[in-house]
Amino acid sequence: MTPRIEVRDIHKHFAGVHALAGVDFSVAPGEIHALLGENGAGKSTLSKIIAGVYAADRGEIFLDGQAVEDLTEAKAGRLGIGIVHQEGSLVDQLSVSENIFSGRQPTGFLGQIDRRKLRQWSSDLLGQLGLDVDPDARVADLPTALRQVVEIAKALSHRPKLLILDEPTAALTLNETAALFSVVRKLAAQGVAVVYVSHRLAEIFELCNKVTVLKDGYLVGTFAVADTDTDRLIRLMVGRELHFAREPATRSPGEVLIEARSVASGPAVRDASVTVRRGEIVCLAGLVGCGRTELCEVLFGARRREAGSIVFKGRQFSPTSPARAIASGIGMVCEDRKQGGLFLDRDIAENVAVTVLDGVSNGPLVSRQKMDALAQNYVRALDIAAPSVRTQVSNLSGGNQQKVLLAKWLAVEPDLLIVDEPTRGVDVGARSEIYRLLRELAAKGVGLLVVSSDLPEVLALADRIVVMADGCTVGEMAGDEADEVGILRLATRGSRIGTEIMEPAR
Amino acid sequence: MNDLTSIQSASQAPETARAAGAGAVLRRIVESRPLTLLVLNVALCVVMTIFYPSNFMTEANIAAVLLNAAQAGILVVGMMILMIGGAFDLSIGSTLALAGVVAGALVGWMGYPAEIGLLGGVAAGAVAGLFNGLIVTRIGINPLIATLATLSIYRGLTQLIGASGVTPISNDFKFYGQVRFLGLQSPFWAMLIVVVVGGWAVARTKLFRKYYYIGGNPRAAQLSGIDVNRLMLGAFVLMGALAGLAGVLAAARLNSAVVSAGIGVELSVITATVLGGASLKGGEGSILGGILGVLFIALVQNAMIINGIGVFWQGIIIGLVLLLAVSLDRFKRGHRA
C-alpha cells in the first residue's frame, strides 16, 4: 500500500543545532504511528515539517506517493494534513464554535454567519469527542484541559487525511484521554493516518500500531508496537535503563520551615493548611482545579491571602509580592514555563540571573561575566544541552527549557522551593534528572512543596502527600504508605467535580 | 550552510572570498540596528559633503542639525526605556508644552527666579508622567488609551494656564536656552548628558536592565521578583520629567512659552525609537539605537532643506526607511524561526 505520508532524508538545523539529521519516516493510511524520543530528539521538529510549519533544509516529502514541494501550513491544510499543537492556536475572545470553524463558518444567503448551523456542527463534533462543552462558551473562560480538546476538535473539523497529535494528552484527564483515544481509533478505522507524538509510553502501547524512535535528530528505528516493550523503547530512547521507583528516604526532615493554617483566597482556596519541614518533599495532590496552584501562589505572595496565617522560619509571614517572598527565601517554579517562567527572547544566562541580579552585579552595574559564569555553573550541573549560555532560550527543547527554569530558582538558593508541575512536557530522560535534582535539594536541607497531576510522580517523590479538593486540604498521608487509590479517594471526596478523575499510573 | 559555502569558495577563488567577506560584513551591519543606522548616518553625511561642500559641513549647519536633534534626543531616552518595558507615551508633546507654560508662568508672570521656573517645569512634567503611570499601572488602562486621553487633557491644561502663551519670559530664563559652549547651544549639551547617562544606565545598570525582562515577559518578571508596576511607574515619571526638561529648554530658547509647542512630537519620537530598534511588544532596543534614529531623522530633514527638494519628501523618506528597517528585522526573524 502506498504510504499516506513518507519523508526521506530530512535535515533541519536551528541556530547551530542539528535538529534532524537524515530521518526517514512513513505512515500508512489507517495506521497510528507513534513518534518517540527524548527532549531535543527531533519529534516536534519532524511533525512540524510534515505539517508545513517549518521548511526542511533538505529532504523529500511524499503524500499518497506524490512529491510535495514548498509545503506551508496553508498548503498542508489544503492537502488534508491536520496538526494539533502543544500550544494554543485559539483566539481567546471568540466562542468555541467560532474557533473550531474559524474562517469556514457556515453562512446564510447574505453571507451572514448561520449561528444555528455553526452551533449544531460544533456540538456534533464535540459530541463525537465525548465532551459536554457549550459551543457558545468563550475560549478564555475554559480551563486548560478543555482548551486542548477544542484544539483537537478544530483539527478534526478539517476532516484530515493525516492527523498529527503533538502531546495531546498533556493536560487531559483520564476520561478525556479515553474519549480522545476512541476518536483517534475511529479515525484510523476510516483510513486516516495518525502521527502520535508523546512521552507517555503506556499511551503508545494502548493506542499505536507502530513506533519510530528518534535520538539527537537521528533515526533509531521503526518497530511494530506489538514486537516491543517498555524497557526496550526506553533503552532505545536514552541508551540506559530508567525507573522512577520510589527512593527510600535516607534523609530525616528537620525543623518546621513553613506552616500555613486555614489559608483562604477567593473561590479557589477556601481552607488550606500545609506544613513543610527542612529537607522534606511534600507533594500537593488533587484534581485539576482543586486550588493547588492558587495555594502555592498565596505562599509565594503572588496572590492575596484573605484569611488564615502563615508562619515561615518561625515568624509570621505575609508576603505582599513575589519579590518579598524571594527575599525571605522562597522560590516558585511555576506551572507554565512559557507564560510565567521564562523570557524566551533572552539568553540562558539572562534567564538564570533574573532572580539574583544583585549577585551578578558590582554595585549598581550588572556584570555580564558574572552572569555568564553563574549560568555556566548551572548549565553544567543540570546538564543543559545548549551551544552556549548566550543561546536564546526559545531555541532550546522543552526539557532544556524546564531545566533553565529550575536553574533560575536554584540560583536563589531558596530555603523553600515550590515546584508546580516539575516535569510537564518533559521526556523520560530529563524527568529522572529532575527527580534526582529535587531529591538532592531536599538532602541539602531545602524544603520542597511539589504540585503534580502525575500520581506516579507524586508517589516517587513525596515524603508526605497533602491532598486538596475543592479549595480545601482534605487529608494527608506519609509517602511510603500512600497509594494511588487512597489519594484518588481523598481527592474526589465531597468534590463538586467528582466526575473528573486524576490521571492514574500508566 | 553559508559559512560552509564561504569556506569552500575561499579555497577556490580569492575574488569570491572577498565577495563573501563583504557579504558577512553586510550581514553584521544588518543584524545590529545601531550599526545599520550608524552606516546610514555616515553615508548621508558623506554624500551631503560631496554634493554640497559649502552648505553641509559648515559649523553653522552642523550646529543647526544638532540643535534640531536636541529635543527629540532628550525625549527618545524616556521613550526607549518605556518601549523596552513594553509601553509608550503619546502625551509627551502636551507635557512638553505644559512644562514650558508652567515655567513661563512662574518666571514671567509671578516673577520667581529662572531656576525655580526650570525646576517647576521639569516637576510639572514629572507629575504629568506620574499621572500617566498611575493610570496605566494602578487602573490597568492600556498605555495607548491612557496617554491618548492625557495628551488631550494636558494640552487643555496648558491652554487653561497659559492662555495665549507667555512672551517674553525673562532674560535670566532665556540664558538657559541660549547659552553657548564650544559653539553649541545649551539644549544640545542637555541632550548629550541625558543620552550619555541614559545610554550607560540602560546598557549597564541592574535597575534599567530589568526593563528588558519586563518587556520580554511581564508575568514572568513579576514572578521573578521584579516589581513590574513600580518600575513602569518610574519609567513614566522619567518620561514626563524628560518631556518637562525638553519643554523648559524650548521655552528658554525662544524666551517664550507657546501653548502649541510640541504638537505631533510624540509620533516623530516614536518613529526614531522604533527606527532605533524598539518593538511595540517590548524587550528590545537601546539608547544608542534611539539617538542614532533621532540623528538620522534630523540629517534627512537637513538634507532636504539644503538640496531644496522640499519638506514633503522628508516624511516620505523617513517613513520608507522606517518600513525598510522593520521589514529587514521581520525577514531576519523569519529565517531564524
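Within the range B:245-254, is even one residue surrounded by fewer than 22 Cβ atoms within 10 Å (Cβ to Cβ), under 17 Å from the mean Cα position of the chain (by Cα) and not hydroxyl-bearing (Ser, Thr, Tyr)? Even if it seems obvious, please write down each step before you answer.
The initial filter retains those residues of the range B:245-254 that are surrounded by fewer than 22 Cβ atoms within 10 Å (Cβ to Cβ), namely B:253-254.
With under 17 Å from the mean Cα position of the chain (by Cα) added as a condition, the list becomes none.
No.
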Q | Residue list for the range B:278-337, filter: within 14 Å of chain A (Cβ to nearest Cβ) and at positive phi | A | B:Gly282, B:Gly283, B:Gly285
Q. Since B:Ser54 meets every condition but one in (1) touching a helix residue (DSSP H, G or I) at 6+ places or on another chain (Cβ under 7 Å); (2) outside any helix (DSSP H, G or I), which condition does it not meet?
A. (1)
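Would you check if there is a residue in the range A:446-460 being modelled with pLDDT of 90 or more and over 11 Å from A:Cys283 (Cβ atoms)? Before you say what the answer is, go through the steps one by one.
Within the range A:446-460, the subset modelled with pLDDT of 90 or more is A:446-451.
Retained after the next criterion (residues that are over 11 Å from A:Cys283 (Cβ atoms)): A:446-447.
Looking through the range A:446-460, at least one residue is modelled with pLDDT of 90 or more and over 11 Å from A:Cys283 (Cβ atoms).
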Q) Of all residues in the range B:256-288 being over 11 Å from the mean Cα position of the chain (by Cα) and of a type in the set (Val, Ile, Thr), which is surrounded by the most Cβ atoms within 10 Å (Cβ to Cβ)? A) B:Val259
Q. If you go through the range B:166-189, how many residues are surrounded by 20 or more Cβ atoms within 10 Å (Cβ to Cβ) and touching a strand residue (DSSP E or B) at 6+ places or on another chain (Cβ under 7 Å)?
A. 2
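So, of the residues in the range A:302-325 that are under 16 Å from A:Val276 (Cβ atoms) and among the small types (Gly, Ala, Ser), which turns out to be surrounded by the most Cβ atoms within 10 Å (Cβ to Cβ)? So that I can check it myself, show each step before the final result.
Of all residues in the range A:302-325, those under 16 Å from A:Val276 (Cβ atoms) come to A:308-315, A:317, A:319, A:325.
Of the ones still in play, those that are also among the small types (Gly, Ala, Ser) are A:308-309, A:314, A:325.
On the way: A:Gly308: 16, A:Ser309: 14, A:Gly314: 10, A:Ala325: 25.
Taking the candidates together, the pick is A:Ala325.
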Q: Can you work out which of the residues in the range A:120-142 that are buried (at least 18 other Cβ atoms within 10 Å of the Cβ) and modelled with pLDDT of 80 or more is nearest to A:Ile100 (Cα to Cα)?
A: A:Ser122
Q) A:Arg368: among the charged types (D, E, K, R) and more than 7 Å from chain B (Cβ to nearest Cβ), yes or no? A) yes
Q | Residue in the range A:60-92 that is surrounded by the most Cβ atoms within 10 Å (Cβ to Cβ), counting only those that are assigned to a strand (DSSP E or B) and within 30 Å of the chain's Cα centre (by Cα) | A | A:Ile81
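Would you pick out the residues in the range B:176-232 that are outside any loop (DSSP other than H, G, I, E, B), of a type in the set (A, V, I, L, M) and away from every other protein chain (no Cβ under 14 Å)?
Quick first cut of the range B:176-232, residues outside any loop (DSSP other than H, G, I, E, B) only: B:176-178, B:180-181, B:184-216, B:218-223, B:228-232.
Now restrict to residues that are of a type in the set (A, V, I, L, M): B:184, B:190-197, B:201-203, B:207, B:214, B:220-221, B:223, B:228, B:231-232.
Hits for the range B:176-232 are B:Leu184, B:Ala190, B:Met191, B:Leu192, B:Ile193, B:Val194, B:Val195, B:Val196, B:Met232.
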Q) How many residues, within the range A:306-325, are in a strand (DSSP E or B) and either within 11 Å of chain B (Cβ to nearest Cβ) or of a type in the set (Ser, Thr, Tyr) (or both)? A) 1
Q) Got at least one residue in the range A:141-153 being over 30 Å from A:Gln339 (Cα atoms) and assigned to a helix (DSSP H, G or I)? A) no
Q: Report whether or not B:Val248 is in a helix (DSSP H, G or I) and touching a helix residue (DSSP H, G or I) at 6+ places or on another chain (Cβ under 8 Å).
A: yes
Q: Could you tell me which residue of the range A:326-355 is farthest from the other protein chains (Cβ to nearest Cβ), considering only residues that are surrounded by fewer than 20 Cβ atoms within 10 Å (Cβ to Cβ) and part of a helix (DSSP H, G or I)?
A: A:Ser328
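The values are calculated or read from the model by the stated rules, or taken from the named source; none is laboratory data. Model, not experiment: these values are computed from the prediction. Quick reminder, even Gly has a Cβ in these numbers, built from the backbone with ideal geometry, and neighbours come from all protein chains shown.
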